[in-house]
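Readers should treat all values here as calculations from the given coordinates under stated rules, not as data from a laboratory. All of these numbers come straight from a predicted model, not from anything done at the bench. Positions of Cβ are backbone-derived with ideal geometry, glycine not excepted, and every protein chain shown enters the neighbour counts.
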Amino acid sequence: MTDQLTFPDRHRADDEFLWLEEIYDEQALAWVAEQNERTRQMLTSPEFDRTYQRTLEVLDSTDRIPEVTKRGDSLYNFWKDADHPRGLWRRTTLNSYRTDSPDWETLLDVDDLCRTEGVQWVFAGAQLLYPDFTRALLRLSPDGGDAVAIREYDLPTRAFVTDGFILPSAKSAVSWVDRDSLLVSTDFGPGTLTSSSYPRQVRRWRRAEPIESAELLLEIPVEHMIATGWHDHTPGFERDLLREVIEFFTSRTYLLKDGERIHIDVPDDADVELHREWILVRPKSAWTVGESSYPAGTLLVAQVDKFLAGDRGFEVLFTPDDRTSLQRWSWTRNHLILTALHDVSSRITVLTPGANGWSSEQLAAAPPNHSVTSSGVDADENDDFWLRVAGFIQPATLQLGTIGIDGAETLKSAPAFFDSSRFSVEQHFVESNDGTRVPYFQIAPNDLKLDGRNPTLLYGYGGFEISLTPSYHGTNGRSWLERGGVLVVANIRGGGEYGPDWHNAALHANRHRAYEDFSSIAKDLIARGVTSPARLGCEGGSNGGLLVGNMLTHYRELFGAIVCAVPLLDMKRYKKLSAGFSWIAEYGDPDDPAQWEYIQTFSPYHNLRDGVTYPPILFYTATSDDRVGPVQARKMAARMQARNIPGVWFYENREGGHGAASDNKQSAHMHAMSREFLWKHLTGNDGV
């Protein structure tokens with residue numbers, strides 16, 4: 001039994017740790033420094049140093065696959081390694097990329113930029129000017145957070161344009177229209193941000209024009225989430241589009257035509273895309289239009305001109321079922337590539353429009369317990385596609401193919417960072433509290449003994465329709481599997497593994513279903529003899545931090561240690577902190593008394609109990625996290641320590657944003673800290 005229906009401090013109005021919400025307050029930072037030092041001392045050991053070094057070797061490896069994006073005749077890549085901790089933005093040609101040692105042309109050395117400007121910049125991407133790709137809008141974060149400075153950069157001269165487009169640090173979105181104009185959403189001054197801290201205006205900004213004079217194209221209510229705009233450069237189909245994101249899962253898209261804003265009339269909860277002559281619509285709830293009804297997660301297509309004229313004669317491109325969902329799509333010049341999951345196993349399908357409708361053929365299917373992803377290389381130019389295959393113990397391979405031509409060329413293969421022959425991967429299913437069948441993956445030694453003694457790490461997320469699929473992490477192989485640990489990945493409700501309905505099943509008052517799913521997997525691991533409560537740990541970050549925070553408060557008897565990263569924990573105040581207002585669609589509104597009645601049931605900050613033994617827990621976060629913010633982890637750790645709950649540890653990295661790390665050394669430190677904390681507490685001193 002759990003204490004899930006017991007709510008201590010239910011009517012308590014005060015919050016003794018509000019002062020920790022002042023992120024850069026001197027007293028708050030002094031508390032952070034003290035906690036960091038305490039955690040460092042607890043983890044200082046030769047084992048920690050070894051895990052850190054072996055993790056850093058993986059992250060800095062020069063044999064990793066350099067991921068690329070094609071623009072024009074070049075392939076662009078951003079790369080970090082030991083010699084370039086802040087990274088290189090660079091490019092090469094396809095022919096050179098095919099070789100073992102591509103000839104990379106450096107466009108920007110971020111480490112040099114940091115030294116020159118005295119700012120620890122974190123590269124957050126670049127948008128290239130179409131069609132000559134001689135200019136770029138660089139996104140540079142001063143601390144790794146979501147807020148970025150945007151600066152125009154000239155590629156031929158490798159220099160910033162001194163009188164070019166420049167925006168100070170903000171949660172901005174920009175899109176080239178042409179060489180001398182942009183679509184911009186940013187902080188334009190007082191009153192131009194939403195309650196979620198995102199821009200509420202989109203403007204057309206012309207070169208040399210004061211930004212405050214830029215033409216206003218869209219302004220949304222302050223309680224909505226964000227306004228964005230982008231220009232479609234597809235030759236023959238050039239157009240400007242605007243999007244009003246109402247809340248996290250609902251939005252309205254507008255086409256600008258002859259100065260008029262035309263609403264794309266689809267359900268607010270639908271994904272919608274205009275590509276060339278086509279409109280794609282994927283509703284997230286059942287949709288009846290005319291005499292036709294479509295289940296949530298269906299992919300529909302129609303011709304844009306006919307749709308805008310009022311024709312609602314869609315063709316169905318994908319229909320989900322109880323075990324199959326559409327995850328993503330991508331265009332080539334003449335085809336549409338769909339990636340679907342069937343019981344969390346990938347299937348790639350190619351769809352082709354023709355005189356008699358759309359035809360379909362399978363491009364690839366994942367081997368058992370692997371994932372396959374595919375995307376078009378250049379939808380304006382050809383029918384080439386990338387194909388990436390990976391598994392939990394199988395390093396990734398990157399292939400290049402052309403639709404209509406048999407076979408694909410293997411361009412790159414990632415190195416193995418641990419001996420995969422020692423391990424096996426299994427998929428299991430467990431029945432949750434309400435009878436729902438929930439899958440999970442287990443990665444374990446081949447000679448696994450079902451004696452309940454195996455240190456086991458259970459990882460989950462369960463939110464925002466995000467799917468956890470098989471992927472290779474050399475860091476986990478070295479830091480956990482090679483030491484004899486078992487790794488488990490949970491595919492619980494709230495995620496997207498089975499489409500919108502799987503996500504919708506754990507929203508608002510039904511949030512407990514995600515936690516019941518996760519705890520059911522924990523119980524199954526124990527019942528099967530894989531592990532025992534003393535040997536079972538769990539980890540989650542962000543929404544996953546809220547997940548494991550609820551394991552702490554409601555299912556503590558199942559776990560021997562917990563790692564809670566960049567988490568939500570105070571669900572009474574979450575919407576007032578950082579970008580929290582934007583997540584009301586996921587969790588509910590705590591300021592509505594009726595909704596607080598159920599939200600308080602999954603607010604870990606409000607469900608701590610006196611006289612209860614909790615498993616050891618490590619909270620880690622980043623001062624610069626401007627999405628969730630560091631304050632929730634701070635307050636939870638402080639409240640637990642104030643109540644003399646033993647085994648509570650806290651660490652806060654200064655930079656890194658929501659990822660809690662800005663370079664490979666910081667990433668290696670956070671990973672080693674998590675794994676050593678868990679190993680220490682799950683194995684004790686009995687020689688395991």
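List of remarks:
- Taking amide H as placed 1.01 Å from N in the peptide plane, the amide H of Gly484 sits under 5 Å from none that are at least 5 places away or on another chain.
- Pairwise label distance in nanometres, Glu223 with Cys114, each label 7 Å out on the Cα-Cβ vector: 4.3
- Anchor Lys635: lysines whose Cα lies under 26 Å away (excluding residues fewer than 8 positions away in-chain): Lys171, Lys572, Lys575, Lys576, Lys680
- Additional length obtainable on full extension of the chain from Ala82 to Glu409, 0.36 nm per residue less Cα span: 114.7 nm
- Trypsin sites (Lys or Arg not before Pro), loop per DSSP, at most 12 other Cβ atoms within 10 Å - longest free stretch of the chain: 180-448
- A cut-off of 5 Å between modelled amide H atoms, ignoring neighbours fewer than 5 places along the same chain, links His275 with Leu280.
- Put a dot 7 Å past the Cα of Ala159, heading toward its Cβ, do the same for Lys523, and the two dots end up 6.8 nm apart.
- From its DSSP helices (H runs of at least four residues, each -39,500 (n - 2.57)), the chain gives a residue-normalised ellipticity at 222 nm of -5500 deg cm²/dmol.
- For region 655-669, putting each phi into the Karplus relation 6.51 cos²θ - 1.76 cosθ + 1.60 with θ = phi - 60° gives couplings of 10, x, x, 6, x, 6, 7, 10, 9, 5, 5, 5, 4, 5, 5 Hz, in residue order, rounded to whole numbers and with x for Gly and Pro.
- Amide hydrogen proximity for Phe392: with H placed 1.01 Å from N in the peptide plane, the residues at 5 or more positions away or on another chain lying under 5 Å are Ser471.
- Converting phi to 3J(HN,Hα) with the Karplus coefficients 6.51, -1.76 and 1.60 and the offset θ = phi - 60°, region 630-647 yields x, 6, 5, 5, 4, 5, 5, 4, 5, 5, 5, 5, 5, 8, 6, 7, x, x Hz in sequence order, with x at every glycine or proline.
- Separation in nanometres of the label points that stand 7 Å from Cα toward Cβ, at Ser424 and Val289: 4.8
- Rounded to 5, the percent of DSSP beta bridges in the chain classed as antiparallel: 85
- Segment Asp589-Ala33, extension gain: residue separation times 0.36 nm, minus the distance between their alpha carbons: 196.8 nm
- Percent breakdown of C-alpha pair distances by 10 Å bin, ordered from the shortest bin, for region 321-414: 17, 48, 29, 6, 0
- DSSP loop GluC sites (Glu not before Pro) with at most 11 other Cβ within 10 Å excluded, longest remaining stretch of the chain: 292-688
- Considering only region 406-535, percent of DSSP beta bridges that pair antiparallel, nearest 5: 70
- Backbone HN-Hα couplings from phi across region 610-627 [Karplus 6.51/-1.76/1.60, Hz, Gly and Pro as x]: 6, x, 10, 8, 10, x, x, 9, 10, 9, 9, 7, 9, 4, 8, 5, 9, 9
- Extension gain, Arg328 to Trp358, is 9.0 nm, computed as 0.36 nm per intervening residue step minus the present C-alpha separation.
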